[in-house]
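To keep things clear, I will list the structure first and then write my remarks on it.
The values are calculated or read from the model by the stated rules, or taken from the named source; none is laboratory data. Keep in mind it's a predicted model, so treat the numbers as computed, not measured. Note that we place each Cβ from the backbone using ideal geometry, even for glycine, and neighbour counts take in every protein chain shown. To get the accessible areas, we keep the full protein, side chains included, count just its heavy atoms, and leave off ligands, DNA and RNA. Shrake-Rupley method; radii C 1.70, N 1.55, O 1.52, S 1.80 Å.
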Amino acid sequence: MNKKFLFIVIFLGSFFVNAQDAVKESVSEKKSATAMSLNKRFSAKVLNAYQENSKSKVEDLFTYFQMLTDAKLNDDLKKEVVKNINLLFQNPNTMVIDFTSDSFDKITLQQFIQKLLISEPILFSVSDESRFDSVEYQSWKTGYTVSRTKSGVVSKTNIIQKVYFYETPKMFGEESKVVFSTFLGEM
């Protein structure tokens, strides 16, 4: 009787172990499918369109930075510009390069905005040439050159900036759709 019982326990235990392995494989397959890098999830044309959109966001960002140093811009417009800058980033404490100093240290976006508000006028221009490297699950890195003119002195800085790509559900009337959004990240 004990041998039969032992045989049944071992037989049922092997099914249980196989079932656990199947569950583990299913979970790992789901993780690998969702963790797939963007260049495998989207065609090259689609990914390139999102990358080009992020390039426009970078250009807008530096236009906004320049506007904050304009003493002629009234306070209400400056508040609107700060709001638009913050909309370009997912995190207001993202580390960015301090273009107000000659050392180009990294500070938080909010600290940089405050420094721009009291800075002398700075002119920015972003190079037309951009590189898109290191495509990952939810981000890529973009490389570009920024020319800064401060007190008549022009300096050029090569920037590598992370751009994040998120899927966010949005309601359209009664229906929910997944929308893809890009946000600027650390420099």
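Assorted remarks:
- Residue in region 103-123 that is open to solvent by less than 30 Å² (accessible area, probe 1.4 Å), part of a loop (DSSP other than H, G, I, E, B) and either closer than 18 Å to GLU52 by Cα or out of contact with any His (no Cβ under 8 Å at 6 or more places or on another chain) (or both) present: yes
- Scanning region 76-91 for residues that are under 12 Å from the mean Cα position of the chain (by Cα) and open to solvent by less than 100 Å² (accessible area, probe 1.4 Å) yields LEU88, PHE89, ASN91.
- Close contacts from region 162-186, counting a first residue that is over 28 Å from LYS106 (Cβ atoms) and aliphatic (A, V, I, L, M) and a second that is open to solvent by 70 Å² or more (accessible area, probe 1.4 Å) and at pLDDT below 90, with Cβ to Cβ under 7 Å and a gap of 6+ residues or different chains, come to VAL178/GLU167; VAL178/PRO169; VAL179/LYS170.
- Any hit, region 41-57, residues being touching a Leu at 6+ places or on another chain (Cβ under 9 Å) and either within 18 Å of PRO121 (Cα to Cα) or at pLDDT 95 or above (or both): yes
- Subset of region 134-178 (residues that are within 13 Å of the chain's Cα centre (by Cα) and under 17 Å from LYS55 (Cβ atoms)): SER134, VAL135, SER139, TRP140, LYS141, THR142, ILE160, GLN161, LYS162, VAL163, TYR164, PHE165
- Filter result for the condition that a residue is open to solvent by less than 40 Å² (accessible area, probe 1.4 Å), closer than 21 Å to LYS57 by Cα, of a type outside the set (A, V, I, L, M, F, W, C) and in a loop (DSSP other than H, G, I, E, B), over THR157, THR142, THR100, THR182: THR100
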